[in-house]
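Read the structure below first, then the notes.
A short reminder: the numbers here are calculations on the coordinates, not readings from a lab. What you see is a predicted model; the values in this text were computed from it and never measured. Cβ sites come from the backbone with ideal geometry, for glycine too, and all protein chains shown count toward neighbours.
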Amino acid sequence: MQTTDIGYWSVPLAIVGGAIRVSTPFIFVSLGETITERAGRANIGLEGILIFGAMSAYATAVLSNSPWLGVAAAGVSGIAAGLLHGWICKFPRVNDIAIGIALMLLGTGLAFFFGKAFIQPSAPRLPAISLGFWSDIPQLRAALDVNALFVIGAALAVFLQWAFRNTRAGLILRTVGDSSDAARAMGIDPDRVRLLATAAGGGLAAIGGGYLSLYYPGSWNESISSGQGLMAVALVVFSRWNPLGCFAAALLFGGAGALGPALQSVGVTHGYYLFYAAPYALTLAIMIATSSPGRALAGAPCELSITR
Amino acid sequence: MSGSATGRAIEVEALGMTMRFGGFLALDDVSMRVAAGSFHALLGENGAGKSTLVKCMLGYQRPSDGQMLVDGREAQILGPRDAATLGLGMVYQHFTLAPSLTGAENLVIARADAPFVIDWRKERAALTQFMETMPFRVPLDRPVGALSAGERQKLEIAKQLYLGRRFLVLDEPTSALTPDEAEEVLGHVRALTRSGALTALMISHKFREVFAFADDVTVLRKGRRAGGGAISALDRSALAAMMIGEQKIATLDARAAVAESAEPVLEIRTLRAPDSAGLKSIEIDDLVLHAGEIVGVAGVAGNGQRELLDVLAGQRAPKSGKIRVKGSRYGATRAEMKELNVRFIPEEPLRNACAPLMSVAENLAFRTFDLDRDGRSRRWLDGRAIRRDAERLVDRFEVKTASLDAPIATLSGGNVQRSVLARELTGDVDLLIVANPCFGLDFAAVAEIRARIMQARNAGAAVLLVSEDLDELLELSDRILVMSEGAIVYETPIATADAHEIGRHMAGRC
């Protein structure tokens, strides 16, 4: 494929492409965490689940030669890890944050242990949908190569936004997150709802991990995640527990992450590495701008331990 | 759906209810009959067994002995679900509506047969139709957290009827309401019982409400039935005697006259401070307290009282304005409080005025632990002096504690409050700031704590008393202010204070 010189246009283009490519794990992890936190529990161990999901997806894809089977395996492993978290947190005086940290270390450790054998072999990648076929500009076509998981994530965000208001499960989830007493008075067992919500959150986070190892960057190694699982938990707070907000925040974050490499590629030689920190600086800046010492966080589920 | 208000009220009878917790007898052979379509009041002190009785009746607890009759037939109630099936429901003291859900969402999700996907158009039509059978209106589209306490209480009652309940237990339903709201809500409940749609059992300790609305009453004391009968055959003193028995109750000292020349102690001018949501701001333009008077601040919770208290306690930075105590600038630092003799009795004392796991002696020493005998600051604590002072205070304020070294959290609510009073009222007090001091305490403790506040006033302290209990304000205050939406909207000397007038200003309808 020949390259066309499109000059500085490549920077915004790279940002769009990056937003789509980099954002997918953020979308899945933050939507998963939104479900969990809306039920009134925080699972900050999603980073560990993400890495374990990346490993199990890759390993399954290598062994079965099917990337989608890999994604399914990741989902199952994430659900199992979420169930573990939810089950432990059911006991009195157990702190969900502490269990989350333990789960993060456990997931990472197990992934490295079982994943040793899969660093060498290569797995089939997830297919991409080419949305840039109408264009002759290869950079544009590359930017618009959209993975199916991104589309699923976007649809999921819309679905969750709708489901939180219009389905029985959504209303029960919000009730449990708002007030355990109200839920109990209704005959709902909050621990069970939280267990299922944590399992769903774990499953989605692990699928996000599967995207990392099977599409972008598309290999399994011990530095596969650069903290996506942790950042996504912050994105949930940043988007005020709102699924569409999570989607937008993930795009913003992905786009900012592509800024550094894009500037480097157009020949900016000084200081471009500073822009690698753009996502983090952006998060900090927005967090500071939208918070205040004299004001409570709006939209937070009342039962959540991290905001109580 | 069974949730139309045209159902029929049911009769409920508890027979020989007994509840043992280990060696402790919480309920001792209590029987109570609530006739169909009647409004029955259940009176008693804290710990008299009221909530244990209703929990046993509604299946939240399994009684050690006793049985339930519903409409004259024996009923097996093994859990709340059984009670619900029989049409028995409960409105809790603490609301059980999810605050970020709207009224409509709360109602629909409370239904056992809520559909998987909710067809809002259909549900809304059904809800509108149902609400038309109610004697009151509640907005269903706003998040419940944005409703007033009165609206929430009405929504709770509507929810129970929507769910098809025909016997309702109301657990202190008016504790968060203004007098007008309380009368409105209870009036609606009475209308529903009179129409034969509902039987109501109200747990209360407010005599006024019991006499104005209830048909019958049952009084519990120490787990036993102490008396009861038709309200028309009873008077206040008879009921009070049933409730408290032979206890000695502290009496208020006579009110010393406020001197004409009394010095202003606290002056607040054009104070502005944001609330915790950052949306509203309190605006106190002019508030002056004089030595030897109690100024009561009335208002529905959430109208800026907390913010005002936070500013005075140094927990919230004011945006602008001047606060002076005895003529000097006051920024609520510990040094200023000590210098100007400012003392605090915050609400929920265990949470806001104590370190729960530290000992009684340590908690009593919070004002003085770092001072030596001459009031200079010290580096090394004197454990013996702390114990000696604590012993003296515990003795003088009659705090009942197993030992001075017991964590203060192990004390009863009344004794925690006595400890806080002992700490705050010792030494010279020029300005005393008090918030809801008697919330959740029993008769004897309430009387004693009010007597102590009156003593502090007579000794020359200026007292700012913020309370949600209008009866308490009317009993103690020399002047009453009303806060609404962050501002002082009404002021009256006690001689001309009228509960209804104050209630109207609290509700902001003036």
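One table, with the values for the structure above:
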item: Cα long-axis angle, helix B:413-424 against chain B (0 to 90 degrees, to the nearest 10); result: 20
item: Built amide H within the under 5 Å cut-off of A:Asn221, gap 5+; result: none
item: CD proxy at 222 nm, helix term only [per DSSP H run n ≥ 4: -39500 (n - 2.57); per residue of chain B; nearest 500]; result: -9000 deg cm²/dmol
item: Beta bridges per DSSP with both ends in the protein assembly as shown, % antiparallel, nearest 5; result: 55
item: Helix axis angle, B:120-132 relative to chain B longest principal axis, alpha carbon, degrees; result: 90
item: Difference of contour (0.36 nm per residue) and Cα-Cα distance, B:Phe21 to B:Glu491; result: 164.3 nm
item: At R0 = 51 Å, FRET efficiency that the Cβ-Cβ distance of B:Arg351 and A:Phe159 yields, to 0.05; result: 0.80
item: Calculated FRET value between A:His270 and A:Val151, using beta carbons and R₀ = 41 Å, to 0.05; result: 0.60
item: Cut-off under 5 Å, modelled amide H: who pairs with B:Ser484 long-range; result: B:Val489
item: Distance cut-off 55 Å, percentage of C-alpha pairs in the protein assembly as shown lying past it; result: 23
item: Set A:Lys90/A:Lys116; B:Lys55/B:Lys159; B:Lys326/B:Lys400; B:Lys280/B:Lys338; A:Lys90/B:Lys222 screened for pairs whose C-alpha atoms are more than 26 Å apart; result: A:Lys90/A:Lys116; B:Lys326/B:Lys400; B:Lys280/B:Lys338; A:Lys90/B:Lys222
item: Principal semi-axes in Å for the stretch B:264-506 [√(5λ), Cα gyration tensor, largest first]; result: 30, 21, 16
item: DSSP-defined antiparallel bridges as percent of all bridges, chain B, nearest 5; result: 55
item: Three-way shape label, the stretch B:305-388, alpha-carbon gyration tensor, a/c 1.5; result: oblate
item: Kyte-Doolittle mean at least 1.6 and Cα axial length at least 30 Å: DSSP H helices in chain A; result: none
item: 0 to 90° range, to nearest 10: angle between helix B:383-396 axis and chain B longest Cα axis; result: 60
item: Expected-Rg normalisation [2.2 N^0.38 Å, Cα atoms] applied to the stretch B:3-244; result: 1.01
item: Gaussian network model of chain A, springs between alpha carbon atoms under 10 Å - residue of A:Val29, A:Val158, A:Val236 with greatest fluctuation; result: A:Val158
